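As structure tokens, the structure follows; a few thoughts come after it.
Where a number appears in this text, it was derived from the coordinates with a stated rule and is not lab data. The model shown is predicted, which means the values in this text are computed figures rather than measured ones. For neighbour counting, all protein chains shown are included, and Cβ atoms are generated from backbone atoms with ideal geometry for every residue, glycine included.
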Amino acid sequence: MAGPAENRLIGIESGRERVTLRSRLDAWQTRYAPYWLLLPALGIIGAVLLYPLVHALYISFLDYKLARSARPFVGLGNYIEAMTSASFGTVLAQNIIFAVVCILVEFTVAMSTALLLNRQFRGRAIYRVFFLLPMLTAPVLAGFNWRWIFNDRFGLMNQIFIGVGLAPQAWLVEPNLARLSIVIATVWQGIPFVMILMLAGLQALPQPPFEAAIVDGATAWQRLRLLTLPLMRPVIAVALALRIIDLFRVFDVIYIMTLGGPGHATELLPFYIYRAAFSQSQFGLASALSWITVFITIVLLIPLFLNERSGAESEKLNA
Amino acid sequence: MTSQAQTSRGFRFSRRRLAEDTATYVVLSVVLLIMMTPILWLILTSIRPLVEIASTRLILIPRRLVLDNYLAVFRDYEMAAYLQNTLLVCGGVIATNMVIGPPAAYAMSRYSFRGEKAVLFGLVFMRMIPLVAVILPLFIIFSTLRLLNSYAALIIAHTAFKLPVTIWLLRAFIADLPRELDDSARVDGASPLGVIVRIVIPLIKPGLAATAVLAFLATWNDLLVTLVLSNTIKTEMVALGLTKFVLEYGVAWGPLTAAGVLMFIPTVVFVFIAERYLVRGLTMGAVKE
């Protein structure tokens, strides 16, 4: 790329040498093409994602507090502090339960909706597009939407409760109701995501087995259980993997709706880390917590990763 | 395929089919109504007079259409600045992704080279890590470089966060192109960059559009990056702007919902534009539609 000027310089001396240099440059370009094509992308990813991640690993071994300039090495001290603190155990357990509940709700509702949307009927495209809207709503906005609906004085939920003669509830104040509110706000965005993946999976299913099953008199339930779900395995694995990842990254909804409260009732890992870092200025501890979260995510994904890969490959075969 | 199989069945059991269709409509409409409620409620609240917002009784349709809240977000709050900042950063992120992404995606899909597997895995891994884990050291780095509260910091951070998805998605689109196209051009002596600019990019325009839309929405919707990397009106983005409607004595729900509606408009527009490619984009190309 920086060639022309140099080539011209050499060109004054001898024509033959110019050709050699040019062809050598071309050969070099071709040989290392993938590397320099990737260089800008990997450079910026390396600088902004990979390096900070490694830097966080380094900080996690220090007693790093923002206000103090001394940052002594403490080895695994932060990790031990994190693992043995009661609040971390609570938050971790809470995040796992939260993820399990959300996944159960999301996949049940999404699969049922996808099966219905997979039928041929007029106006299907319109239903589909509208179903997508919650998923692409900013999580901040989703948080405010639900915080407004669950508002204890003027919220829609309590207006409906009063309207039908029930006692209004303190949705975001009572721990279990607050947890329920967080789950509702999260699955509201998760359901469309899982649904659209399931629908894509359903539409890619081969037809002959289903026709054969109908001829053989299999009921709709049997077809779903014995054909649809097993054939959808790769897509379900991808959806599951992505949801697990994202349910351990939920931050905005918590930040907007409850700030982890009441007490620690709705605190999830990302918000817990954020608080350790930016409210308590415990950068070392927060970095250790970050790495523990990364580690947990990886462990949860190991059983799925092989599945995901075989899923991607069978998808390639279909295409 | 599906349509043929189902219509032929439809002719045979047309009454049953009618009943099934009706049931489908009813169930889907109910689910859709529930899913749309928060959005509808947001819009309705934004056009209500204050007496109706502060009501413990359910008032479904506003008695009077009021646009005060929309005026207030520009007059009493800094919505104009938030929108301007966000658009600038989004523009920057799309531009960098569209320049840096295609060559990388082309390399990933057309060459086999040493370290390819590591790069592939690395890109997936970067999509997996919790942002919080990166944002703290990034805060330290940017503050050392005195880049906090700058567009540059926001654009650089967002660019890196979106690039893994961009590369994966474009890679899937390029893999769909017949190899002969760019192979023959390369045999004719075109450089890899020339092939990308003249042959690949024109053929993957839908993919580029989908990628740009996803990068835009992810940046537009982001809270955490702007929350940590900016704390002045000069660079605060719209998601952080929404939190400014939470005042000491309570939430200004009228202006907040109006601001929310404004923030929601691009989402609606882009869902309709890029709907066809969303599945691919959201799964990094793993599931195709």
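For the range A:152-289, what is the largest minus smallest coordinate of the Cα atoms on each principal axis, given in angstrom and ordered from greatest to least?
The Cα atoms of the range A:152-289 stretch 64, 51, 18 Å along the principal axes, largest first.
Can you give me the C-alpha center-to-center distance between the range B:15-48 and the range A:208-278, rounded to a whole angstrom?
23 Å
Taking Cα centroids, how far is the range A:43-81 from the range B:98-169 in Å?
Going from one Cα centre to the other spans 20 Å.
From the square roots a ≥ b ≥ c of the eigenvalues of the alpha-carbon gyration tensor of the range A:143-198, which class results: rounded (a/c under 1.5), prolate (a/b over b/c), or oblate?
It is prolate, given that a/c is not under 1.5 and a/b is the larger ratio.
What percentage of all Cα-Cα pairs in the range B:68-283 are separated by more than 30 Å? Intermediate results must be reported in sequence, preceding the final value.
Working: 7658 of 23220 pairs.
The proportion of pairs with Cα distances above 30 Å equals 33 percent.
Run the helix sum for chain B: -39,500 (n - 2.57) per DSSP H stretch of 4+ residues, divided by residue count, reported at 222 nm to the nearest 500 deg cm²/dmol.
So the helix-based figure for chain B works out to -23500 deg cm²/dmol.
Taking the Cβ of each residue in B:W41, A:W36 as the centre, tally the other Cβ atoms inside 10 Å and list the residues starting with the fewest.
Placing the least packed residue first, the sequence is A:W36, B:W41.
Using a 10 Å cut-off around each Cβ of peptide B:232-244, what is the average number of partner chain Cβ atoms that fall inside?
For peptide B:232-244, the averaged partner shielding equals 2.
Arrange the peptides A:141-147, A:62-68, B:55-61 so that the one whose residues have, on average, the most other Cβ atoms within 10 Å appears first. Please report the intermediate quantities before stating the final value.
On the way: A:141-147: 26.1, A:62-68: 14.9, B:55-61: 10.9.
Order by mean packing, descending: A:141-147, A:62-68, B:55-61.
Tell me the trypsin sites (Lys or Arg not before Pro) within the range B:103-146 that lie in a loop according to DSSP and have at most 14 other beta-carbon atoms within 10 Å. Let's see the in-between values first.
On the way: sites: B:R110, B:R114, B:K117, B:R127, B:R146; in loops: B:R114, B:R146.
The qualifying sites are B:R114, B:R146.
Semi-axes, largest first, in whole Å: what does sqrt of 5 times each Cα gyration tensor eigenvalue give for the range B:156-258?
43, 13, 9
As a check on your grasp of the helix formula, calculate [θ] at 222 nm for chain A: sum -39500 (n - 2.57) over DSSP H runs of n ≥ 4, divide by the residue count, round to the nearest 500.
About -23500 deg cm²/dmol.
With only alpha-carbon atoms counted, please give the Rg and Dmax of chain A, in Å.
For chain A, the Cα radius of gyration and maximum Cα-Cα distance read 27.1, 97 Å.
Suppose we look only past 17 Å in the calculated P(r) of the range A:24-171. What percent of the Cα-Cα pairs does that tail hold?
Looking at the range A:24-171, the distances longer than 17 Å represent 83 percent of pairs.
Calculate log10 I(q)/I(0) of the range A:266-306 for q = 0.15, 0.17, 0.30 Å⁻¹, where I(q) comes from the Debye formula with a single equal point scatterer on each Cα and nothing for solvent.
Cα-only, vacuum Debye calculation for the range A:266-306: -0.40, -0.49, -0.93.
Where Lys and Arg each count +1 and Asp and Glu each count -1, what net charge lies around B:V66 among other residues with Cβ under 11 Å from its Cβ?
+1
Test of understanding: ordering B:V195, A:V74, B:V30 by Cβ neighbours within 10 Å, fewest first, what list do you get?
B:V30, A:V74, B:V195
Highest GNM mean-square fluctuation, chain A, Cα pairs closer than 10 Å: which of A:L269, A:L156, A:L92?
The residue that fluctuates most here is A:L156.
Within 10 Å of each Cβ of A:166-179, how many other protein chain Cβ atoms are there on average? Don't skip to the answer; put the middle values down first.
Values: counts 0, 0, 1, 0, 0, 0, 0, 0, 0, 0, 0, 0, 0, 0.
Taking the mean over all residues of the peptide, I get 0.
Under 5 Å between amide H atoms, partner at least 5 residues away or on a different chain: which partners does A:A265 have, H built in plane at 1.01 Å?
Correct list: empty.
List the residue ranges in chain A for DSSP H helices whose C-alpha atoms run 27 angstrom or more along the long axis and whose Kyte-Doolittle average is -1.0 or above.
A:86-117, A:175-203, A:283-318
Taking beta carbons within 10 Å but only from partner chains, what does the mean come to for residues A:240-251? The partial results should precede the final answer.
Details: counts 0, 4, 7, 0, 1, 5, 3, 0, 3, 7, 1, 7.
Mean shielding by partner chains, rounded to a whole number: 3.
Return the long-range amide H neighbours of A:L62 (sequence gap of 5 or more, or a different chain), with a cut-off of under 5 Å between placed amide H atoms.
Result for A:L62 returns A:V74.
Cut-off is 10 Å between beta-carbons; in what order do B:R15, A:R31 appear when sorted fewest neighbours first?
B:R15, A:R31
What are the membrane-span-like helices in chain B by this rule: whole DSSP H runs, Cα extent along the axis at least 15 Å, mean Kyte-Doolittle hydropathy at least 1.0?
B:14-46, B:116-128, B:131-144, B:151-175, B:253-274
How big is the protein assembly as shown by Rg and Dmax over its Cα atoms, in Å?
Expressed in Å, the Cα Rg and Dmax of the protein assembly as shown come to 26.5, 97.
Note down the net charge around B:G101, summing +1 for each Lys or Arg and -1 for each Asp or Glu among other residues with Cβ under 14 Å from its Cβ.
Summing Lys and Arg as +1 and Asp and Glu as -1 gives +3.
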